[in-house]
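Take a look at the structure below.
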Amino acid sequence: MNRFNAITTALFDPLLAPFGDEHAWFDLIFWSVAGGIVALIVYKYVSNQGGIQRTKNAIKVHLLEIRLFKDDIAVVLGATAKILLKNALYLGHNILPMLVMIVPMMTILFQLEARYAFDPLPVGSVNLLIVELDDRQPGVPDTATGLAEAVRLEIPDGLSLDAPPVRTAEGTIAWRLRAEQPGDHVASIHVGDQVVQKQIAVGGPPRKVPVLRTKGLEGLLYPGEPGLPADSPVYSARLRYPERDLGWLPGGEVGVLATFFGLSILSGFALKGLFLSLIHI
């Protein structure tokens with residue numbers, strides 16, 4: 001996961017740099033259209049075009065059979081059953097290209113969300129830093145009392161603690177942090193003699209924000225900072241950021257997702273005519 005995020009981030013950082021994080025609308029539209037084109041190209045080279053066309057032709061034949069012999073219930077039922085089977089076969093022909101195209105599509109989406117779904121923390125705001133410990137690792141306490149003794153948070157000058165931490169016996173700790181000064185700050189989570197760092201973006205211009213740092217697969221969704229190593233005493237460290245206002249485009253994670261897939265689908269259908277001689281859709 002860490003290597004995948006590192007490679008895709010290193011690839012997209014220069015690709016998204018020319019217009020900057022302040023011009024989200026351009027990158028969202030451009031990469032959504034690019035996603036639709038990628039989907040068409042993947043479909044062309046991965047799908048079984050011959051099998052798809054034969055299946056569609058067979059469905060048309062059975063539909064015509066139903067119209068011609070609509071008074072013969074046995075023929076109609078038989079043709080209907082064959083249409084259902086052919087539809088299942090048609091779906092089967094589309095599974096492989098869907099599985100292949102989901103990799104580049106989701107990679108683009110995750111990179112766009114990391115940059116445009118959230119804003120840095122506003123100066124003066126109070127936010128929760130939620131840390132979940134990995135009790136499978138040696139030295140991680142399994143009681144609230146043990147957590148109080150073994151786990152502490154070190155924060156830089158740009159942040160302050162607004163209240164004492166809240167701990168649970170399940171290994172979750174929540175700190176209320178107040179954003180005091182703009183900047184890209186680093187908080188240090190001490191678990192025994194081990195230290196895990198969490199980046200925190202406060203104020204300033206729109207930019208990529210580090211929402212979640214984890215050792216789980218969820219880290220693929222948030223490439224804003226490197227994941228945690230497998231032997232880390234911390235399983236995840238999450239900070240809630242405000243959703244970014246994208247003006248005439250819907251904002252937040254759901255908004256970026258809807259824009260990306262909506263425009264990708266629309267552009268795919270709009271550009272399908274350019275590929276009709278090569279792709280049977």
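The values are calculated or read from the model by the stated rules, or taken from the named source; none is laboratory data. Predicted model only: the values in this text are computed from it and were never measured. Don't worry about glycine lacking a Cβ; one is built from the backbone with ideal geometry, like all the others, and counts go over all protein chains shown.
Quick look at the values:
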{"item": "Counted residues, segment 145-158 - those being outside any strand (DSSP E or B) and either under 29 Å from the mean Cα position of the chain (by Cα) or modelled with pLDDT of 90 or more (or both)", "result": "4"}
{"item": "Enumeration of residues in segment 41-94 that are loosely packed, with under 12 Cβ neighbours inside 10 Å and in a loop (DSSP other than H, G, I, E, B)", "result": "70, 71"}
{"item": "Unmet criterion (only one of (1) surrounded by 19 or more Cβ atoms within 10 Å (Cβ to Cβ); (2) modelled with pLDDT under 90; (3) outside any helix (DSSP H, G or I)) for residue 267", "result": "(3)"}
{"item": "Qualifying position, being assigned by TED's automatic domain parsing to the domain that holds residue 51 and either over 30 Å from residue 104 (Cβ atoms) or out of contact with any Lys or Arg (no Cβ under 6 Å at 6 or more places or on another chain) (or both), among 267, 188", "result": "267"}
{"item": "Unique residue being at pLDDT below 90, closer than 21 Å to residue 214 by Cβ and either buried (at least 21 other Cβ atoms within 10 Å of the Cβ) or touching a Leu at 6+ places or on another chain (Cβ under 6 Å) (or both) when the list is 133, 129", "result": "133"}
{"item": "For residue 142: the one exception among (1) under 25 Å from residue 216 (Cβ atoms); (2) modelled with pLDDT of 80 or more; (3) of a type outside the set (Ser, Thr, Tyr); (4) assigned to a loop (DSSP other than H, G, I, E, B)", "result": "(2)"}
{"item": "Residue 192 being on the phi > 0 side of the Ramachandran plot and at pLDDT below 90", "result": "yes"}
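Okay, residues lined up against (1) surrounded by fewer than 19 Cβ atoms within 10 Å (Cβ to Cβ); (2) among the aromatic types (Phe, Trp, Tyr); (3) touching a Gly at 6+ places or on another chain (Cβ under 7 Å):
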site	(1), (2), (3)
223	no, no, no
245	yes, no, yes
248	yes, yes, no
251	no, no, no
256	no, no, no
